[in-house]
Amino acid sequence: MTETWLDPTAVAADDPFGIATLPYGVVLDSDRQPQPAVRIGQLALLLRPAVAALLPEHADLFAGGNLDAFLAAGPASWLDVRAAVTAWLTDEAYREQVEPLLVPLAGLEAVLPFTVADYVDFYASEHHALNASRVLRPDNATLLPNWKHLPVGYHGRAGTVVVSGTGVRRPHGQRRAGDGVEFGPSVRLDFEAEVGFVVGAGSPHGSRVPVGEFPRHVFGLVLLNDWSARDIQAWEYVPLGPFLGKSFATSISAWITPLAALESARVPAVPRDPAPLPYLDDTGDSWNLDLELEVRLNGELISRPPFATMYWTGAQMMAHLTVNGASLRPGDLYGSGTVSGPADDQLGSLLELSRGGSRPFRLSDGTEHAYLDDGDEVVMTATAPGPDGSRVGIAEVRGRILAADTPAD
Ligand code: MN
């Protein structure tokens, strides 16, 4: 692994946010002004002054209070900046200029790093889709006929995507009650452990983006918690899909790990049968990412979903998203769908972990859990193989459930 001149107490050798990762985010400075930054270990490098001094041809990309201009600039600029930041943090020659621009992460507030354009969520894990069908359609627990022909998705709500650490208020809504309907705070509040793809470079309206163009458009990855009110969702979702049961909040990591940091994490994609249509065919360039997710509830590890088991890849989701001529825009965000593996300790939602609430489980503190209670905190993390045996991280996404704000009426 590449050595740096940085203090090893700030960047330990086994830190998944070492020199091979370098994710981008936005932190509030001492005047509470948003500052684009790169994370290195337990430090943040403030990009605006660093780029202005050391890479002035790209200074305009970080002049704003978010990463929007940088995301839109495209892959050549992404590589330029990444190469420069890597040099600044490794080559002693830069130490004098760069060291004063490193700020300890502790005590820094990170904010949503980019303006979310469109938000779409897919459903790309075969294990999750089958598990969900067993709970939701026990009499007919199979994949629906379209599932192996296209990555199923729905449009979510971009305006309620929130940064890691934001509290999530228990939503109100309608649910079925016997033969009637009742209204109140959700009683089946759930999480979904997902990977989110952040689009940088857009595409023209009316054109398709082929699967092989994925790295030219997708800048990087975040973890995504697609909070889901199962009672609201179950009543509303037929026939047009999820709506208010999910649109109250979607949490993402504060730091975007660039795709460029995940070259060593590439693994063959799972075989697909039947062969997908030509626009989804990735033969010859078929790869997924070996991300190992971990989900903690109130501090205790409850699941380790393996992203490499996903049936559809991020590249196929992007190709499907644009096959009708819909454009990509900088800041588009799409979720993979709940990541679940084949084993009982690899499930990415409480719907699966508690079998629809019918099999509550106990944490080591003795508390019993089926769906989320007020005060529960869900934290998702992920790492993947990096160069030379290192691990590359996707920053945590954390959220705590807040009590519903008004009495039911
Ligand atoms: Mn989802």
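Structure notes:
- Filter result for R296 (in contact (Cβ under 8 Å) with a residue 40 or more places away in the chain and of a type in the set (K, R)): yes
- Checking S164, S186, S133 one by one, the residue that is modelled with pLDDT under 95 and of a type in the set (S, T, N, Q) is S133 and no other.
- Scanning the stretch 161-192 for residues that are of a type in the set (A, V, I, L, M, F, W, C), over 30 Å from I394 (Cβ atoms) and outside any strand (DSSP E or B) turns up just one, V187.
- Total residues in the stretch 93-110 satisfying the condition of being among the acidic types (D, E) and not in a helix (DSSP H, G or I): the figure is 1.
- All conditions in (1) away from the ligand (no atom under 16 Å from the Cβ); (2) in a loop (DSSP other than H, G, I, E, B) hold for G245, with the sole exception of (1).
- Within the stretch 329-348, the set of residues being surrounded by 24 or more Cβ atoms within 10 Å (Cβ to Cβ), of a type in the set (A, V, I, L, M) and within 21 Å of W255 (Cα to Cα) comprises V339 only.
- Evaluation of V218 against (1) more than 16 Å from the ligand (Cβ to nearest atom); (2) over 19 Å from the mean Cα position of the chain (by Cα) (one fails), failing number: (2)
- Hits in the stretch 299-354 - residues which are outside any loop (DSSP other than H, G, I, E, B), within 16 Å of the ligand (Cβ to nearest atom) and of a type in the set (A, V, I, L, M, F, W, C): F307, M317, L321, L333, L350, L351, L353
- On inspection, V211 does not qualify as of a type in the set (V, I, T), crowded, with 19+ Cβ neighbours inside 10 Å and under 15 Å from A382 (Cβ atoms).
- Residues in the stretch 185-215 that are out of contact with any Asp or Glu (no Cβ under 7 Å at 6 or more places or on another chain) and either of a type in the set (A, V, I, L, M, F, W, C) or within 16 Å of the ligand (Cβ to nearest atom) (or both): L189, D190, F191, A193, V195, G196, F197, V198, A201, V209, F214.
- For A395, the conditions (1) crowded, with 22+ Cβ neighbours inside 10 Å; (2) assigned to a loop (DSSP other than H, G, I, E, B); (3) more than 16 Å from the ligand (Cβ to nearest atom) are fulfilled apart from (2).
- Those residues of the stretch 231-253 which are touching a Leu at 6+ places or on another chain (Cβ under 8 Å) and either buried (at least 24 other Cβ atoms within 10 Å of the Cβ) or among the polar types (S, T, N, Q) (or both), in sequence order: I232, T250, S251, I252, S253
- Criterion (within 16 Å of the ligand (Cβ to nearest atom) and buried (at least 16 other Cβ atoms within 10 Å of the Cβ)) met by exactly one of V103, V116: V116
- Of all the numbered requirements in (1) out of contact with any Asp or Glu (no Cβ under 9 Å at 6 or more places or on another chain); (2) among the charged types (D, E, K, R); (3) over 21 Å from T383 (Cβ atoms); (4) surrounded by fewer than 17 Cβ atoms within 10 Å (Cβ to Cβ), E3 misses one, and that requirement is (3).
- Contact map, the stretch 326-339: first residue over 13 Å from Y119 (Cα atoms), second residue within 16 Å of the ligand (Cβ to nearest atom) and in a loop (DSSP other than H, G, I, E, B), Cβ cut-off under 7 Å, separation 6 or more or different chains; pairs are T338/S125; T338/G348; V339/S125; V339/P305; V339/M310; V339/G348.
- Pairs meeting the criteria (first residue in the stretch 157-170 and on the phi > 0 side of the Ramachandran plot, second residue at pLDDT 95 or above, beta carbons under 6 Å, at least 6 apart or on different chains) are G165/R398.
- Residue match in the stretch 167-178 (condition: out of contact with any strand residue (DSSP E or B) (no Cβ under 7 Å at 6 or more places or on another chain) and surrounded by 15 or more Cβ atoms within 10 Å (Cβ to Cβ)): no
- Test result for S133, more than 20 Å from G25 (Cβ to Cβ), within 16 Å of the ligand (Cβ to nearest atom), free of Cβ contacts under 8 Å to residues at least 40 places away in the same chain and not basic (K, R): yes
- Residue check for R39: buried (at least 19 other Cβ atoms within 10 Å of the Cβ), closer than 18 Å to I256 by Cβ and away from the ligand (no atom under 16 Å from the Cβ): yes
- H149 passes every criterion in (1) out of contact with any strand residue (DSSP E or B) (no Cβ under 9 Å at 6 or more places or on another chain); (2) within 16 Å of the ligand (Cβ to nearest atom) apart from (2).
The values are calculated or read from the model by the stated rules, or taken from the named source; none is laboratory data. Computed from a prediction, not measured in an experiment: that's the story for all the values here. With ideal geometry, Cβ positions are generated from the backbone for all residues, glycine too; neighbour counts draw on all protein chains shown.
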